[in-house]
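Contents: one structure, followed by commentary.
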Amino acid sequence: MTSLSQSNPWSPSSWRSRPAAQQPTWPDPEALAGAERKLASFPPLVFAGEARKLTHALSQVAAGQAFLLQAGDCAESFHEFHADAIRDKLKVILQMAVALTYASGVPVVKVGRIAGQFAKPRSQPTETQGETTLEVFRGHMVNGEGFSDLERRPDPERLVVAYQQSVATLNLLRAFTKGGFAALNQVHSWNMAFVKESPQGQRYEQVAAEIDRALRFMTACGIDLGAEDNLDEVDFWTSHEALILPYEEALTRQDSLTGNFVDTSAHLLWIGDRSRQLDGAHVEFLRGVLNPLGLKVGPSLSPAELVELCDVLDPEHRPGRLTLIGRFGHDKIDQHLPALLEAVRNSGHPVIWACDPMHGNTFTAQGHKTRRLSDIVAELQRFFHLCRDHGVWPGGVHLELTGENVTECLGGGDQIVEDDLSTRYRSICDPRLNAHQALDLAFSVADLLRG
Ligand code: PEP
Ligand code: CO
């Protein structure tokens, strides 16, 4: 079946003739147009060549020769904008990557939910407290989380602030990852500290000791771990959900070399589970940009619909173009994933299958949204098992985490219980793993990768 999307010409604004899910009602269209003009005149955040390089790295994941680690905040915040917080988030992702690289024996492609992850899809368009109904909080790119008329009013100036914060964040990430901070021996020494000092880490002593031995072997062979550019520089890519389409369109530019369009707001963009309508605006917009794409795949997506989405988003069957991110829940994945794996395999699309074990395992306790580490691990175990059962490479994980010592998810070595949630619950949206829980999870995934 040919969808509407395939039979019509694409342009950066062709999404405007389609229904767009999850958009705010901007109260002042003139102000929105002004913000769009400003953004369109600003420099790009990323280049077409970088998006191509990431697609190439992801093509290795699609071929079963690399693993994808995509992680970061559920929603970045305008208030939590400090160098230390960015550094600590990067640090924990790099630490996880070392454990995963060693266990899988293949490169780990590291992608942050960072430098642009400012907009959230919501289950309701409004929120009511007492007699008052206001626009729901949609992320700092749109409005504020406080329950007042002023904060909840969608403000297009926020699009510009989101751009500026993304620029500064990306600049710092580039400095950290190319300036020696990410050197392999340094990252490994952080992991050794985690293994020695924390009860959950001690379970991974064997893996850590093996990595230690491998690094000492390399040093003994004369490989200078601090100086070789391969080992003290890493590629770290940015991504966010491409939700607020005026922002994405304004940052879309034509590549001078090829004439193709690239969305320069991030290296990888994904479509959420609530905005993946086949003939909707988000699918229309993203099908036309050359960036690698993610697509969230939840329990309500049928195998036939998923194949149609693959046809629209990856018509040329390009390895690395499309990552399918399953997010079902530990108790639902068995029911849904097998038929989807089969259908996509039969379609011939060379996709990556990744697992988001966060979004299907959310519940409310003591007034806070939370997730149990044990449910998260359980969904990952089923994902690895089902993929292997169907001859599909379990290509990656997609996680919500922070480098800070928050109490938002339950369990882990620090045994966070429901009563602890309000101690340090700082997320403005979904609950994130803290640094210890994230490392604990990385070593669990490492065990799964080792089979
Ligand atoms: C998210 O990744 O924060 C999110 C909203 O996910 P999903 O679209 O899978 O619900
Ligand atoms: Co989330």
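The values are calculated or read from the model by the stated rules, or taken from the named source; none is laboratory data. Fair warning: this is a prediction, and the values are worked out from it, not measured in the lab. Quick reminder, even Gly has a Cβ in these numbers, built from the backbone with ideal geometry, and neighbours come from all protein chains shown. Heavy atoms of the whole protein, side chains included, go into the accessibility calculation; ligands, DNA and RNA do not. Shrake-Rupley method; radii C 1.70, N 1.55, O 1.52, S 1.80 Å.
I want the antiparallel fraction of DSSP beta bridges within the range 326-441, as a percent rounded to 5.
On the way: 4 of 10 bridges.
Counting only bridges with both partners in the range 326-441, antiparallel ones make up about 40 percent.
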Practice task
Can you pull the one-decimal nm distance between simple spin-label points at residue 185 and residue 164, each 7 Å off the Cα toward Cβ?
Solution key: 4.2 nm
Exercise for the section: List the residues whose amide H sits under 5 Å from the amide H of residue 261, counting only those 5 or more places along or on another chain, with H placed 1.01 Å from N in the peptide plane. Expected result: 255, 290
Exercise for the section: Provide the FRET efficiency to the nearest 0.05 for the residue 305-residue 65 pair, computing r from the beta carbons and using R0 = 30 Å. Expected result: 0.55
Completion exercise
One finds, for residue 88 and residue 126 with R0 = 45 angstrom and r their Cβ-Cβ distance, a FRET efficiency to the nearest 0.05 of 0.80
Fill in the blank from the handout: For the chain, longest principal axis from Cα atoms; helix 29-41 axis from its Cα atoms; angle between them, nearest 10 degrees, is 50 degrees
Exercise for the section: Return the FRET efficiency for the residue pair residue 423, residue 254: r is the Cβ-Cβ distance, R0 is 41 Å, and the value is rounded to the nearest 0.05. Expected result: 0.25
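Per residue, how many Å² of accessible area does the range 3-450 show with a 1.4 Å probe?
Values: 17190 Å² over 448 residues.
Normalised by residue count, the accessible surface of the range 3-450 is 38 Å².
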Practice task
Take the alpha-carbon centre of the range 255-304, take the same for the range 313-347, and report the distance between them in whole Å.
Solution key: 15 Å
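What's the local net charge at residue 272, with K and R +1, D and E -1, over the other residues with C-beta under 11 Å away? The partial results should precede the final answer.
On the way: positive: 120, 122, 274, 276, 296, 327; negative: 241, 273, 356.
Around residue 272, the charge tally is +3.
Mind checking the full-extension length gain between residue 151 and residue 223? Use 0.36 nm per residue of separation minus the Cα-Cα distance, one decimal, nm.
Values: separation 72, 0.36 × 72 = 25.92 nm, distance 5.49 nm.
The residue 151-residue 223 span can extend by a further 20.4 nm.
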Problem - Rounded Å value of the spacing that divides the Cα centres of the range 368-391 and the range 33-92 - result: 25 Å
Practice task
Pull up the cross-link candidates among the lysines for residue 196, meaning alpha carbon to alpha carbon under 20 Å and not fewer than 8 places away within one chain.
Solution key: 91
Completion exercise
Extension length gain for residue 40 and residue 362 (0.36 nm per residue less Cα distance), in nm, is 112.2 nm
